[in-house]
Each structure stands twice: as C-alpha cells, then as structure tokens.
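**Student:** The structure under discussion is supplied below as structure tokens; questions concerning it will follow.
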Amino acid sequence: MPGIEALARAVRAGEVDPAELLEDALARADAAAGLNAVVHLDREAAVHREGPLAGIPVLVKEIIEVAGLPFRCGSSVFADRLGSADAEVVARVRAAGGVVVGLTHSHEFAYGCTGTVNRVGPCRNPHDPARITGGSSSGSAAAVAAGIVPLALGTDTAGSMRVPAALCGVVGAKPSRDLLPMDGVFPLSRSLDHVGVFAGSVADARYAIEVLGRVSLPLLNGPPRLGVASVPAEPDVAAIFDKCLRSFEAAGARLVEVDFDWDEITRTAVDLQGPEAFAVHADLLDERYQPDVRNRLLAAAEVPGWRYVRAQERARTLVADIGRVLAGVDAVVLPTVPMRATLIGDDEPSVREPLLRNNRPANLSGFPALSLPMPVHSGLPAGLQVLAADDARAFGVAAWAEAAL
C-alpha cells in the first residue's frame, strides 16, 4: 500500500475512492476482531475527499474523546458514556480530511503497560495472539500492525505508545510535549502525558505529525552523531541492537557512549505519576475498576505529599541533565524495551518496570521519542528507540535509521 501522503493525494485526485478505503478498513477490522484491538466501529463515518489526510482511515485510542462515540476509557465505570465533543487532536484529524472509523483498546484508564486489563479483556498481539501487545495504547498499535488502518492515535505517559509499537512491530511516535494537544484526552498524569501517532513507517508518522502538529520537520542532512545508551536487555534483543549499531556505523554515523541516571529518573517519574493518577480517580474509585488498576491507584494514594513535591524538584534537575546529554548528539538510540512480547498471563507484575524503564526519560523531560522496528529475521518484533532534543532531529534521525536498516 502507498504511504499516507501518496494515498491522500490519490484521493484528492479522484484516483482512489475514500468510501472504498473506509469499507476496506471496516472489513479488515471485522476479520481481525479476535485481536480485541478495536472496541468500537463507526460504520456510518463520513468520508472526505479534501485535505492532507483526505480519506485516510484513522482509529483513536478510547481515552481520547470522539463526539457521539463511546468514551469508556476501557472501563466499566463509564460503560454508558458517549463523547460530547471531539478532542482537539480528533478535530484536527477531521479538519485534515481523515476519517475516524472507530476506537481502539486501551489498558483501563491508560494505567498499565501490557494492554491486558480492560472491560472487554486483553488486546492480542497480531504476531502471536497468545502474547501481549504492550500498552497502554494497545489497540492502536495492534490495529496498525494488523493492517486495519494506516494511522492511529495513542497516548504515552511512560512509554504507552513506544512499548506496544516495539512489541507489535510498528512505528510509535511521541512528539515533544504539547505539540499535539491534550484537550479532550482523559488524563493519567498531567506532568507526563503526551499524544502521538502509530504508523507503518517513519515517513507516515512524520507526515501525520506535520499535519496534526501544524509543523514542518525537515529531513536530516548527512549521517548523524548518535549517543548510545547502554541498557540491560535480553540476549537476543541486545544482539539485534548491536547489529543495528554496526549498520549505523557502516552508513557513516558517529557513535558515542552516553548515560542517564536511570534509577533516579524512574523514582521521580513514579512519584509524579502515582499521585497525579490518584488525584484524577479519587472521587470515582470503586469496585467497578479492574483489580489491577484499582490496586495500583490505592497504592499511589499512599505516596506522601513530601515525595511528590520532592519529585517535582528532582524532575527539574533531571530534565536539565537529559537536555545536556541530548545537546551533544543528534539523538540517543537504545532498545525500546529489553524483551520480546510475553505471554498473556505471564505479564504482571514482573515485566512492568522493564517494559517502561527505557522510555521514562522522554516523558519526564518532554523531549520527543520514537520507536521503530529493528530488523528481526525470526520470532517476534523488537523496537529501536530514538530520543532527541527536538522533533525535527527525532524524526530526521529516525528516518535516517530506518533507511540505514
């Protein structure tokens, strides 16, 4: 299938019927219903023939409000709620000519990184339905990986886009903080939340971010200077990442070792996220919540106020530290997650922090980061993360890396 930009151009030229694109997306969603990636389809969606996303079918994570569609956030708490207005990012999709065809599975209230906890059960990995997709933007990643749509919206608080992108083998792009507006998105942690996109290629993700973020992201001029973050990873993922580094060197990149204060970043992010999440749910929390999420919220309620205040202070120092590292390179590269997708049922709680650890710097700092697939000759997908000081460098290096691989 052509890229998003070319497909939209063909729609505008009358070479492709957007009604057929919609019907194809609906048919693919029906055929892949066993994945539990799509939780609602709008079979009466209006098609569009103009705009930079003309006729492109788009799926939206169910914690992002869409007028007239269920706004359940993956929870029985809001089982009967409908969206009263489009979130700003959804309004931008429509204004650009995109067609919102439905809603995708989210870990309940986006408070989880596996995609297994939702009122309708777990989301399943298209590469092996017995395995997790990752989360919390589980359904959006799975839907793009399964070929249901070429573009989907998600959110990312501690890796919630990049984790499922890595485990499902697609591109997950978390741009810089507030490049895509959070208006109309049910919050998890206001200090850490971001909106982003899933696509099948860096070029498609970049084009979507340019359109929805109303920015221009020039391509990289020449091989980059790459910071290499040494992080723990399972042997097969470490070997794949090492092969990527050799490919980058062969393509002319200069590699330099960098490091972050991983333990302090994790402690600070956890101490911000937990209390902020509980503040959102304090007046709602009851037995209708899934046990996993309810227990995590109750644990977050026990974080003392002094730890939250101290985390805010620590965050300022850590953001400056991360910025100094990124100022010395075009981007930092590392495995998005240190493992392949685990089996559903074997995923909690032992894999939670390993899935999130490598992704936390981007949310704490607000700097942009993408996950793109690393070349895997057998088995399940693995992801390469690109973290940079600004969106142009992040997408530029990611596009260069994709080509080099």
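The values are calculated or read from the model by the stated rules, or taken from the named source; none is laboratory data. Only a predicted model underlies this, so the values are computations on that prediction, with no experimental measurement involved. Here Cβ is always computed from backbone atoms with ideal geometry, including for glycine, and neighbour counts include all displayed protein chains. All accessible areas refer to the heavy atoms of the entire protein, side chains included, with ligands and DNA or RNA removed. Shrake-Rupley method; radii C 1.70, N 1.55, O 1.52, S 1.80 Å.
**Student:** Using a 1.4 angstrom probe, figure out how much accessible area segment 294-405 has per residue, in square angstrom, rounded to the nearest whole.
**Tutor:** 37 Å²
**Student:** So which trypsin sites (Lys or Arg not before Pro) in segment 57-161 pass both tests, a DSSP loop state and at most 13 other Cβ atoms within 10 Å of the Cβ?
**Tutor:** Those that pass, being in a loop and sparsely packed, are R81.
**Student:** Then there is this: What whole-number value in Å² describes the accessible area per residue of segment 38-156 for a 1.4 Å probe?
**Tutor:** Here the per-residue accessible area is 26 Å².
**Student:** Among 63-69, 245-251, how do they line up from the highest to the lowest mean number of other beta-carbon atoms within 10 Å?
**Tutor:** 63-69, 245-251
**Student:** Given the options A13, A301, A382, which has the most mean-square fluctuation in a GNM of the chain, springs set between C-alpha atoms less than 10 angstrom apart?
**Tutor:** Between A13, A301, A382, it is A13 that shows the largest mean-square fluctuation.
**Student:** Then there's this: Anyone know which of D283, D263, D236 comes out most mobile in the 10 Å Cα GNM of the chain?
**Tutor:** D283
**Student:** Taking a quarter of the surface of the Cα convex hull of segment 279-405, what do you get in nm²?
**Tutor:** Averaging across all directions leaves 10.3 nm² for the Cα convex hull.
**Student:** Then there is this: Please identify every one of the GluC sites (Glu not before Pro) in segment 273-367 that sits in a loop by DSSP and has no more than 13 other beta carbons within 10 Å of its own beta carbon.
**Tutor:** Here the GluC sites (Glu not before Pro) that fit, given the DSSP loop and packing criteria, are E287, E302.
**Student:** Using alpha carbons only, how many angstrom separate the centre of segment 263-322 from the centre of segment 11-87?
**Tutor:** Going from one Cα centre to the other spans 32 Å.
**Student:** Ignoring ligands, DNA and RNA, what percent of the accessible area of segment 1-124 is carbon or sulfur (1.4 Å)?
**Tutor:** With neighbouring chains kept in place, the figure for segment 1-124 is 47 percent.
**Student:** Per the 1.4 Å probe, what fraction of the accessible area of segment 186-235, in percent, lies on carbon and sulfur atoms?
**Tutor:** Ligands and nucleic acids excluded, carbon and sulfur give 52 percent.
**Student:** Calculate for the chain the 222 nm mean residue ellipticity that helices alone would give, adding -39,500 (n - 2.57) per DSSP H run of length 4 or more and normalising by residue count, nearest 500 deg cm²/dmol.
**Tutor:** Result for the chain, helices only: -11500 deg cm²/dmol.
**Student:** Now for a different question. Calculate, axis by axis, the spread of Cα positions in the chain along the three principal axes, and write the results as whole Å, longest axis first.
**Tutor:** Extents along the principal axes: 53, 51, 37 Å.
**Student:** Under 10 Å, Cα contacts only: if you run a Gaussian network model on the chain, which one of P57, P18, P304 comes out with the highest mean-square fluctuation?
**Tutor:** Judging by the Gaussian network model, the answer is P304.
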